[in-house]
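Contents: one structure, followed by commentary.
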Amino acid sequence: MKVFDKVIRTNLRAYVKLSQLAIPYLEETNGTIISISSIASTHPTKLGLPYDISKAGVDMMTKVMALELGPRIRVNTINPGATQSNIGPNAGLPVQMMKQFEDLMAKRAPLQTIGRPLDIANAVVFLASKDAQFITGANLVVDGGAKNSRDFTGKVVLVTGSSSGIGEGIAKLFSVLGAKVVVTGRKEDQVKRVAQEVQELSPKRLKPLAVVADVTKTDDLNRLLNQTIQTFGKLDVLVNNAGIGMFAGVKDKNFMKSFDLINRVNLRAYLRLSQLSVPYLEETNGTIISISSIASMLPTKLGMAYGISKSGVDMMTKVLALELGPKIRVNAVNPGLIETNIKTGNTGVDPDLIPIFEAQMVSRTPLKMRGKPLDVAYAVVYLASKEAQFVSGANLVVDGGLVYNAGG
C-alpha cells in the first residue's frame, strides 16, 4: 500500500490538483490540458496494479474534465507505449533487464521499435495546436501500434469520396501542403470542381488526378488504383473516406437492403481498396487512414447498420496495423457531428428533423459547436505525417467531446 499511495499521489492526484489550480487561468486563454497517461490504462499487467490504476484514473479524469470544462478549455490525454526514458533506472531496474524488456516490446509492436520522447512531444504539440480545436476528451495512443513533418511535397495521396464534405477538406489540405492528390467520387461535375480548386490551392499548381468512380464496384476500384499508379508512379497515403449514412430499424422491411448498401460503401470498399494498395504502400512505407465515426462507440436506435459498418472499420484498422507493420501504418479518425452535406442524401430521416437533431447534439457537445471538415483533415494530416511515425492501430476521436455526453 505504501507503493500504491506513492504512485497515486504522483501519477494521478498531482495531475488533478494542478489542473484544478490552473483552471481560472486556462479559462482566460481558452487553453488546454494535456496529460500523459499510458497504454497500461487499457492493458493491465502483472505487478502493475498501482501504475495501471493511476493511468486508468488519468484517462477518466480527462473525459470528465472535458465534459466539465468545455467549451473554454479542451482536455486530452496521450497514451504512450514503450518509450525510451529513464523510468527503468528510476524504478531500480537493472540496465540489462530494462534492455531485454525494451527489445521484447519492440518485437511485439507492429512497427518493430519503441518510441522516442519526441514521438510523444509531437503528439502533445498536435493536441495543443489549433489543428486539434475540435478534439477534447480524447486518448491519443502513441505506441507503435520533426522537421518539415507537415511538408508532403512529392507524396501521393488518394482520398476516396473527395468530391464533397470531409473528403474534399482532406484533399484540399494535402494539396496546400504540397502533395500530389487523387480526387474521386461518383458525380463527375463535383469531381471536376474539387479537382480545379485543389490545383488552385497547390503551392506549385500541381494538377490532381480526377477519377469518377463508384467504390462499391470492384472494377472501379481497380481502375482508380491503376490510374493513380500510372499517373504518379507510386502511392504514399490512402485515405478511405467515401461513406453513406442511412438509418432504419431492424423491423423495417427494407432494413437488409440498407444494411447491405451501407456495408458495401462504408466497410467492404475500405477493405478492398486497402488490400489492393498494400503492394504500393509497402514500397513507400506508406500509411492507411480510414474515416470511421463515434457511431462505432455509441450505439443508437435506427443506427445499427451504420454503427456496425463503422465498428468494422475500427477493427479492420487494428488488425491491419498488426498485419502490415512495420512497413505500413494503419489508423482511423472517428468524427462526431461535422458540417457536411450528408443531410442532402437519402438518410431515411425526415429532413425537417435533422436541424433539431443537430441542435441537440451541439448542446451536448462540451465544445458547444459542430466540427468542420478541416478539423477532420487536420487529424488525417497529423496521422499521415512523420510526427505520427510511432502511431499505428489508433482511433483519433474528433468530436468536441460528444461521445462522452451524447446520451445525457
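The values are calculated or read from the model by the stated rules, or taken from the named source; none is laboratory data. In this text the structure is predicted, and so the values were computed from the model without any measurement. Because the Cβ atoms are built from the backbone with ideal geometry, glycine has one as well, and the counts that use them run over all protein chains shown.
Some notes on this structure:
- Qualifying residue in region 185-205 (condition: loosely packed, with under 14 Cβ neighbours inside 10 Å and within 30 Å of residue 304 (Cα to Cα)): yes
- Remark: residue 292 matches the filter, which requires a residue to be surrounded by 18 or more Cβ atoms within 10 Å (Cβ to Cβ), assigned by TED's automatic domain parsing to the domain that holds residue 373 and closer than 27 Å to residue 171 by Cβ.
- Residue check, residue 64 touching a Leu at 6+ places or on another chain (Cβ under 8 Å) and in the same structural domain as residue 134 (by TED's automatic domain parsing): no
- Among the candidates 69, 49, 12, residue that is within 24 Å of the chain's Cα centre (by Cα) and of a type outside the set (S, T, N, Q): 69
- Residue match in region 269-284 (condition: under 19 Å from the mean Cα position of the chain (by Cα) and either part of a loop (DSSP other than H, G, I, E, B) or basic (Lys, Arg) (or both)): no
- Checked against the criterion of being farther than 30 Å from residue 69 by Cα, modelled with pLDDT of 95 or more and not in a helix (DSSP H, G or I), the candidates 162, 175 yield just one match: 162.
- The residue of region 27-42 that is surrounded by the most Cβ atoms within 10 Å (Cβ to Cβ), among those that are more than 16 Å from residue 137 (Cα to Cα) and modelled with pLDDT of 95 or more, is 27.
- Scanning region 107-141 for residues that are aliphatic (A, V, I, L, M) and touching a Gly at 6+ places or on another chain (Cβ under 6 Å) turns up 109, 111.
- Residue in region 181-193 that is among the β-branched types (Val, Ile, Thr) and part of a loop (DSSP other than H, G, I, E, B) present: no
- Among (1) at pLDDT below 95; (2) surrounded by 16 or more Cβ atoms within 10 Å (Cβ to Cβ); (3) closer than 26 Å to residue 71 by Cα - the single one residue 145 does not satisfy: (3)
- Flag if residue 228 is in the same structural domain as residue 377 (by TED's automatic domain parsing) and over 27 Å from residue 150 (Cβ atoms): no
- Meets criteria (surrounded by fewer than 24 Cβ atoms within 10 Å (Cβ to Cβ) and small (Gly, Ala, Ser)) for residue 171: no
- Of all residues in region 73-86, those satisfying the criterion of being farther than 17 Å from residue 41 by Cα, modelled with pLDDT under 95 and under 29 Å from the mean Cα position of the chain (by Cα) are 84, 85.
- Within the set 240, 263, the sole residue that is over 28 Å from residue 388 (Cβ atoms), out of contact with any Lys or Arg (no Cβ under 7 Å at 6 or more places or on another chain) and not hydrophobic (A, V, I, L, M, F, W, C) turns out to be 263.
- Just so you know, in region 7-43 the residues that are in a helix (DSSP H, G or I) and either in contact with a Pro (Cβ under 8 Å, 6 or more places away or on another chain) or outside the structural domain of residue 131 (by TED's automatic domain parsing) (or both) include one that is farthest from residue 82 (Cα to Cα), and it is 8.
- Unique residue being at pLDDT 95 or above, in contact with a Ser or Thr (Cβ under 7 Å, 6 or more places away or on another chain) and of a type in the set (Ser, Thr, Tyr) when the list is 290, 296: 290
- Within the span defined as region 127-139, every residue fails to be part of a helix (DSSP H, G or I), charged (D, E, K, R), assigned by TED's automatic domain parsing to the domain that holds residue 362 and in contact with a helix residue (DSSP H, G or I) (Cβ under 8 Å, 6 or more places away or on another chain).
- Residue in region 311-326 that is assigned by TED's automatic domain parsing to the domain that holds residue 396, not acidic (Asp, Glu) and not in a helix (DSSP H, G or I) present: yes
- Some residue of region 89-110 being among the polar types (S, T, N, Q), at pLDDT 70 or above and outside any loop (DSSP other than H, G, I, E, B): no
- Residue selected from region 226-266 under the condition in contact with a strand residue (DSSP E or B) (Cβ under 6 Å, 6 or more places away or on another chain) and among the β-branched types (Val, Ile, Thr), by the criterion farthest from residue 381 (Cα to Cα): 231
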